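One structure below.
The values are calculated or read from the model by the stated rules, or taken from the named source; none is laboratory data. Just so it is clear, the model here is predicted, and its values are computed rather than measured. FYI the Cβ positions are ideal-geometry reconstructions off the backbone, even for glycines, and counts take in every protein chain you see. For accessibility, only protein heavy atoms count, side chains too; no ligands or nucleic acids. Shrake-Rupley method; radii C 1.70, N 1.55, O 1.52, S 1.80 Å.
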Amino acid sequence: MDEGKLLELLVKLGYISKDNALRAQKEKAKDEDIISTLLRLGFIDDNKLIEFYQKYMPQRLWRESPQEVVLPEEIKSKLSENFLRQHTIAPVKYEDGKLVVLTINPFNQTAINELRFKTKINTIVPYISTKKSIEDLINKLYPTLDRIVESLDAGEVEIEAEEMELSPELLAVEAGEGPIVKLANFIITEAVNLGASDIHIEPQEKKLQVRYRVDGVLKVYHEFPTRIKDSLVARFKIMSNLDIAEKRKPQDGRIRTRIKGKKIDLRVSTVPTVYGEKTVMRIQEAEKYLNVKLDDLGFEPDDLEKFRKAIWTPWGMVLVTGPTGSGKTTTLYASLMERNSPEVNIMTAEDPVEVSIPGLNQVQVNERIGFTFASALRAFLRQDPDIILIGEIRDRETAEIGIKASLTGHLVFSTLHTNDAPSSITRLVDMGIEPFLVGSSVILIVAQRLLRKLCPRCKLVDDTPREVLYRLGVLKSPDESIVIYKAKPEGCPNCNGTGYKGRTAVHEILQIDEELRKLIVKGATAEEIRDLARKKGMRTLYEAGMLKVRKGITSIEEVERVLAK
């Protein structure tokens, strides 16, 4: 349909007057689409235009979310921002050799042909959308820094004064980068409001990607133009008092801030990658640690009883194991908070000190100056401690001193990076510790992981067949009948469309008794220790996960994602 017939139809259906149609034809700029002219002159608006298309060609209206652009980089690179803005066209999807575009005028054959020529794609499928939606999409495809920050509600990120000893040069850099300051503040504030545990700022070949880890899962939240990567990383370095001139080596720092009155600590790490420095910030909320109780950590009642018995033992070693981000620090801090009283001297060696807790004597290890876990422990033993926390057993020397401390009347807490509880025993032996020392000192090992909890507002009943549930270990017998739940695939606003909200811990607790001690002293393998422990009632991580499924707390899919059977 040419523009004359389109104008006739709009007049005939009463959307514009005949006079306005004639005036639009006269005032139409060179290469301007007639619909763009009508919108520019105010003779029609977005709503009236969509109403017209709804009546005339409803099958061509775009009904999907206009925010989801699925476009390969090689196609985007062939399209200029000026061309798309001039013709009010936005590409949204490319699949099976077809390019789907949004336009305000599907009859604009000149623009469609030019698009074919530019992209070398023969099949262009035009759909209709509003001018605003198309412009928003173009803005998303070609963001400018000013456009990025003008819509951000960053709020203030107040840096605690003692952490910020900036040179005049750095202050000048900070003062001169208004949009970057706002963007950095926005990223931190948004991540805290979403309940994220980590922020990843990752330079890639043609974009700067921002991902947040929410409830243990990383997800892309923003993509920015690659040209801002250096200034944004420099801003975070300024905030964490790092050297902004050093880009070749990894650096570690810390930002102490206050957001909406809450004390937030961010542990900052920068690493040079092929496309620039990647920055990762671990978010620690001090108040969360101070208020956490062992009863809130997801322990099953029988496991909590075993764990409590161990942390109230006068001497011995308690190990908490698991990968990074499995909640080890939370479990240890909750244990120390339970034992924290004026009668008890608690000393901790940490790298870094995650959260300052009143009543604890916390020491920051600094390996660069030779102040290691081992040297901190030696000093602790001259400080009359009752309870010692070693942030992590990394080497034989630290393990030996910790074990000797536990054998001489001290209660020692520490962490290891192992997959399960029994393999922690063999890890210590592999480090060079004699099996009889391990067997004599270790009283309890907790392996733990974090599972996402189902969103209470949108979870669905899981209709997996009963025989499958029995085979997976959810049902205790083939005849048992219980209701279990799964995540709603598209989620709801309460859970940010994920189907999950919050996390809970699952635990594998290895309590060392006389029989297990004898087995360890003989130099048993992890499998032999596991077999005996299971006979004595130890619940594996997978079994603990399935118990959470039985209780309707999480889903089978989540247990399978996090835990091996």
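Details
- Three-way shape call for the stretch 466-509 based on the alpha-carbon gyration tensor, with the a/c threshold at 1.5: oblate
- Calculated [θ] (222 nm, deg cm²/dmol) that DSSP helices of n ≥ 4 give over the chain, each run adding -39,500 (n - 2.57): -11000 deg cm²/dmol
- Residue-count net charge about R396 - beta-carbon cut-off 13 Å; Lys, Arg +1, Asp, Glu -1: -2
- Solvent exposure of the stretch 413-465, expressed per residue, is 37 Å² of accessible area, with all protein chains present and a 1.4 angstrom probe.
- Modelled FRET efficiency - R0 51 Å, E287 with R63, Cβ distances, 0.05 increments: 0.70
- Dipole in debye (nearest 20) - the stretch 3-49, about Cα centre, beta carbon charges: Lys, Arg +1; Asp, Glu -1: 180
- Rough spin-label spacing in nm, given labels placed 7 Å along Cα→Cβ, for E557 and D46: 3.3
- Of all lysines in the structure, the ones whose alpha carbon falls short of 29 Å from that of K535, not counting any fewer than 8 places away in one chain, are K306, K309, K328, K476, K518, K522, K548, K551, K565.
- Rounded to whole Å, the principal axis extents of the Cα atoms in the chain read 98, 73, 40, largest first.
- Applying 0.36 nm per residue to the separation of K476 and K535 and subtracting their alpha-carbon distance, the gain on full extension is 19.5 nm.
- Each Lys and Arg contributes +1 and each Asp and Glu -1, all at the Cβ; summed about the Cα centre of the stretch 420-565, the dipole is approximately 580 debye.
- Top positive-direction residue, dipole computed over the chain with Cβ charges, set Y15, V274, G537: Y15
- The chain - charge dipole about Cα centre, Lys and Arg +1 at Cβ, Asp and Glu -1, debye rounded to 20: 1380
- With contacts taken as Cα pairs under 8 Å and at least 6 residues apart, the stretch 172-290 reaches a relative contact order of 23 percent.
- Residue-level accessible surface for R308, protein heavy atoms, 1.4 Å, Å²: 70
- Remark: the Cα gyration tensor places the stretch 332-385 in the oblate category, a/c being 1.5 or greater and a/b not exceeding b/c.
- Cβ-based charge dipole, the stretch 377-421, positive-most Cα from T415, A379, I393: A379
- Sorting M57, M337 on solvent-accessible area from highest to lowest, probe radius 1.4 Å, gives M337, M57.
- Loop-located trypsin sites (Lys or Arg not before Pro) across the stretch 455-547 with a Cβ neighbour count of 15 or fewer within 10 Å are R457, K476, K522, K536, with loop assigned by DSSP.
- Exposed loop sites here mean GluC sites (Glu not before Pro) with a DSSP loop assignment and at most 16 other beta-carbon atoms within 10 Å; the chain contains its longest site-free run at 247-342.
- Calculated FRET value between R368 and E343, using beta carbons and R₀ = 30 Å, to 0.05: 0.25
- Signed unit charges on C-beta, dipole axis of the chain, positive-most listed residue H507, V353, T123: T123
- Two-site FRET efficiency, T273 against K219, from Cβ-Cβ distance with R₀ of 25 Å, rounded to 0.05: 0.80
- Cα gyration tensor shape of the stretch 372-424, rounded if a/c is under 1.5, else prolate or oblate by comparing a/b with b/c: prolate
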